[in-house]
Every structure is written in structure tokens, then in C-alpha cells.
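This report refers to the structure that appears directly beneath it.
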Amino acid sequence: MKGKILVTGGTGYIGSHTVVELQNDGYEVVIVDNLSNSNAEVIDGIEKISGIRPAFEQVDCIDFPAMKAVFEKHQGIRGIIHFAASKAVGESVEKPLLYYRNNLDSLLNLLELMPQFNTEAIVFSSSCTVYGQPDILPVDENAPIKPALSPYGNTKQICEEIIRDTVYAGTPIKSIILRYFNPIGAHPTAEIGELPNGVPQNLLPFVTQTAMGIRKELSVFGDDYDTVDGSCIRDYINVVDLAKAHVIAVNRMLENKSLANVETFNLGTGRGLTVLELINTFEKVTGVKVPHKIVGRREGDIEKVWANPDHANNVLGWTAKETVEDTLASAWKWQLRLRERGLM
Ligand code: NAD
Ligand code: WQD
């Protein structure tokens, strides 16, 4: 074994896919998750894929004594991947204090505990949302951080600053900040995938649920943007590609290859796709129609954003490999599996 990695939010969408890739790379994984936006059955799916059942602690990351007990119980945690957070933009506008408490306190607890237990590395889940609407596209890591459009986005900006300040103060830890673009898809085995609670806020789960007949019709939020077909552009990245980048980041820090104690990378494909292009591609790949209508713009939506992934490609040696077609097919396969299992 290459050592023990703590994955907070490890039964969540991106976290569960990352646990599989960490195990495939020879790490022992301890999941901490309070199941506020996931369920423990995800662990069965992880085990079915990797053949290894990760340790699991149902703990709230904002509970300092409980988190300290996790470090005491699971001695020798070398690194952390911190996924645990609340992530619904709209909800963050309605409940800002919940988002500041959850997303900031969980990180503060980890940063305080790391030196006490000689945990040397932390990967932080950030988001391209920190860029707002970039002035220059594709957007690279040197783009200016724009005033956040939501408390959620603000928590990501603040967490990045907390990490930088903590490391620059001389705390004996390293960090890699990963700014994700739009993660989509599911593991090719369809044993794990995205399980949104309630009505999906994100595009692809709404597409697959509409295709399945769970939702009557997809609303496309605007076709009057300055894009090829008027709908917004995003950089949709396969969730397994994204997970693999996290393993590379952990290895980089634990093998002392980091060029600085805090590094930041955009994780995207470098390819922009409009909403209507995504829908059309989904229909072509699956042969299933997605009833949809154009409605007004959604408040706070960025018009167009896609990554310049050169830094991650050249420095991490990581590139998004999966095609959008295969990724959309994986999302549909996962939706069909949920139906088979009577879950949706
Ligand atoms: P998710 O909700 O599926 O996973 C988050 C997990 O964290 C859930 O299992 C939830 O139960 C858990 N959690 C939340 N608060 C917790 C707490 N206080 N203690 C313990 N567990 C807690 O979300 P995801 O899509 O997998 O996102 C993971 C991370 O990536 C988040 O930090 C999110 O902000 C970030 N991110 C996500 C996207 C995206 O589009 N999904 C894009 C950019 C960044
Ligand atoms: C994608 C596109 C919508 C739903 C959000 C967060 C971001 C990150 C990823 C956490 C947009 C359009 C969507 C629908 C639609 N999350 N859309 N009809 O808004 O790019 O990013 O999720 O970190 O922080 O802001 O993703 O999937 O919600 O939307 O037309 O029913 O699809 O307008 O253009 P978004 P999304």
C-alpha cells in the first residue's frame, strides 16, 4: 500500500469516483461523509468496482472533536482530498450561513488537524466559478478572480485564500487546488454515478431524467446568448478523468514533486459545448429524444466558459481523455441502472 488517504465527501459524486481511482493506484482510503447529500450504499458500488471496501466514518467535518477522533483512529493519514461541501448555488443564496459554516469550518478543521497528525498534503475541490465570466477564453489559472456571484462561489474563493494563507504562514503542509469545470457522466460499470437529491439543478442529470420520462420536459435557460446557437457554453469533463487528476495531484505532493507548496490547476477538456449541442449529442448517442423548450435565462448564469488546460496537461501530465459521446453514454447507462434498481 502507498499509504492512507482521507477522502472527505467520499460517498458523493466526484468523491466516490476518486476513491476508486485511489484504490486502483494502491492507496488505502478512509471516507468521511455525513451523508447529507449521498448514501452509504455508494460504498457497495465502490467495492464492486475495486474489490476493496474503504473504511467509512459517518462524521460531520465541521465537528472538530469527531474529526480529531477520526485522525486518532486511523493513524498515519498521509494526505487528504477534501470534497465535502454544500454545492447548490441557488440554495446558497437562500441559506448563506449554512454554506459559510459548512464549507469554511470543514476546511478549517482539516487544516488545524493536519500538522497535529503529520498529514502533509491536501487536495482542495475548487471550481471554475471563481473566475465568474472570464474576460479571455479559454480561461487559464492566471485569470483574475471575479467577485463571487453566489455565497457558494464565495466559499470556494475564501477557502482557496485560507489554504494559501495557512501554507504561507509556514504550516508544514502542501496543497493542490483543483478548479473543476463541469463534471458529468458516471463510472463505465454504472456501479456509481451522480445521485442528485430531488429535482436536479445541473444540466445532465435533468437531461437523463427527462429522457427516462421522470421529468416531463427540459427547460433550456436562454437561447439569446452570444454563442453559435444562442445557448450557454460550458466545458463538460468526464468524472473519471477528473478523479484520475486527483490521484496525480496526491502523488505529486507525496512524492515531493510540487514546484510550490500551493499549486492551482484548471481541470477541463479545453472544449466548449453549448447546451443545445449537448442535448443533440445525447440524443444521437443514445437514440433517445429529450423533450425540451427554450425559456428565459437563469439568474446568475455565466454566458460561456471553458478551460485552458495547458497547465494541468504540461505540469501534472494529465489530460482529459474521454469523449463527450462516451461520457454522455455513461450517464445514460447509469440512469438505466438506477431504473433497474428501482431507485429512480
Ligand atoms: P456531492 O454533494 O455529490 O458530494 C459532496 C459530499 O460531501 C456528499 O456526499 C455530502 O454528503 C458530503 N458532505 C457535505 N458536507 C459535509 C460535511 N460537513 N461533513 C461530511 N460530509 C459532508 O458533490 P460533488 O459534485 O461530488 O462535489 C464534490 C466537491 O466538488 C464539492 O466541494 C463541490 O463544491 C466541488 N465541485 C463540484 C462541481 C460539480 O459540478 N459537481 C463543480 C466544481 C466543484
Ligand atoms: C450548465 C448549463 C445552464 C439546467 C454549476 C455551478 C458550478 C458547479 C457546476 C459546483 C448552464 C444550463 C442547466 C437546466 C439548462 N457546481 N441548464 N437547463 O451552472 O455551469 O455550474 O454546476 O461547484 O459552481 O454554478 O452547471 O449544469 O447547472 O448548467 O439550460 O435544467 O446548462 O443554464 O448554461 P453550471 P449547470
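Residue pairs exceeding 19 angstrom between C-alpha atoms, taken from Lys68/Lys244; Lys257/Lys321; Lys156/Lys244; Lys87/Lys156; Lys289/Lys321: Lys68/Lys244; Lys257/Lys321; Lys156/Lys244; Lys289/Lys321.
When you filter the GluC sites (Glu not before Pro) in the range 298-344 for DSSP loop state and at most 12 other Cβ atoms inside 10 Å of their Cβ, you are left with Glu299.
The helix-only estimate of mean residue ellipticity at 222 nm for the chain, built from DSSP H runs of length n ≥ 4 each weighted as -39500 (n - 2.57), is -12000 deg cm²/dmol after division by the residue total. Shape of the range 45-106 from its Cα gyration tensor (a ≥ b ≥ c, root eigenvalues): rounded if a/c is under 1.5, otherwise prolate when a/b > b/c, or oblate? Because a/c hits 1.5 or more and a/b fails to exceed b/c, the range 45-106 counts as oblate.
Once backbone amide H atoms are built at 1.01 Å from N, Leu267 has Arg179, Tyr180, Phe181 as its partners under 5 Å, excluding neighbours fewer than 5 places away on the same chain. Taking other C-beta atoms within 10 angstrom as a stand-in for reagent exposure, Ile49, Ile192 fall in the order Ile49, Ile192, fewest first.
With Cα atoms defining each centre, the range 1-37 and the range 149-188 are spaced 17 Å apart in the structure.
For the range 284-344 and the range 225-254, write down the distance between their C-alpha centroids in whole Å. Using only Cα atoms, the two centres lie 10 Å from each other. Each eigenvalue of the Cα gyration tensor of the range 1-146, multiplied by 5 and square-rooted, gives one semi-axis; in descending order these are 26, 18, 17 Å. Taking amide H atoms as placed 1.01 Å from N in the peptide plane, the amide H of Phe56 lies under 5 Å from those of Ile31, each 5 or more residues away in sequence or on another chain. Along the range 288-298 the Karplus relation, 6.51 cos²θ - 1.76 cosθ + 1.60 evaluated at θ = phi - 60°, assigns HN-Hα couplings of 10, 6, 10, x, 8, 9, 8, 10, x, 4, 8 Hz to successive residues, with x for each Gly and Pro.
Per residue, the Cα convex hull of the range 142-212 amounts to 172 Å³.
The aspartates and glutamates within cross-link reach of Lys95, meaning a Cα-to-Cα straight distance under 20 Å and a gap of 8 or more places when in the same chain, are Asp60, Asp63, Asp105, Glu299, Asp301.
Excluding same-chain neighbours fewer than eight residues apart, the aspartates and glutamates reachable from Lys2 by a Cα-Cα span under 12 Å are Asp25, Glu28, Glu255. How would you classify the range 208-344 from its alpha-carbon gyration tensor, with a ≥ b ≥ c the square roots of the eigenvalues: rounded for a/c under 1.5, else prolate if a/b is greater than b/c, otherwise oblate? Oblate. Taken over the Cα atoms of the range 278-329, the convex hull encloses 105 Å³ per residue. Between Lys304 and Ile233, the built amide H atoms are under 5 Å apart, and every one of these is 5 or more places off in sequence or on another chain.
Scaled to the globular estimate 2.2 N^0.38 Å, the Cα spread of the chain, given as radius of gyration, is 0.95. Per-residue Karplus couplings for the range 160-173, computed as 6.51 cos²θ - 1.76 cosθ + 1.60 with θ equal to phi - 60°, are listed in order as 4, 5, 4, 5, 4, 4, 5, 5, 5, 7, x, 4, x, 9 Hz, Gly and Pro entered as x. Ordered by the count of other Cβ atoms within 10 Å of each Cβ, fewest first, His311, His82 give His311, His82.
Per-residue 3J(HN,Hα) values for the range 150-159, derived from phi via the Karplus relation 6.51 cos²θ - 1.76 cosθ + 1.60 with θ = phi - 60°, read 7, x, 4, x, 5, 4, 5, 5, 5, 4 Hz in sequence order (x marks Gly and Pro).
Read-outs throughout are calculated quantities, based only on the coordinates presented, and are distinct from any laboratory measurement. Remember, it's a predicted structure, so these values are computed and weren't measured experimentally. Every residue, glycine among them, receives a Cβ derived from its backbone with ideal geometry; neighbour counts consider all protein chains shown.
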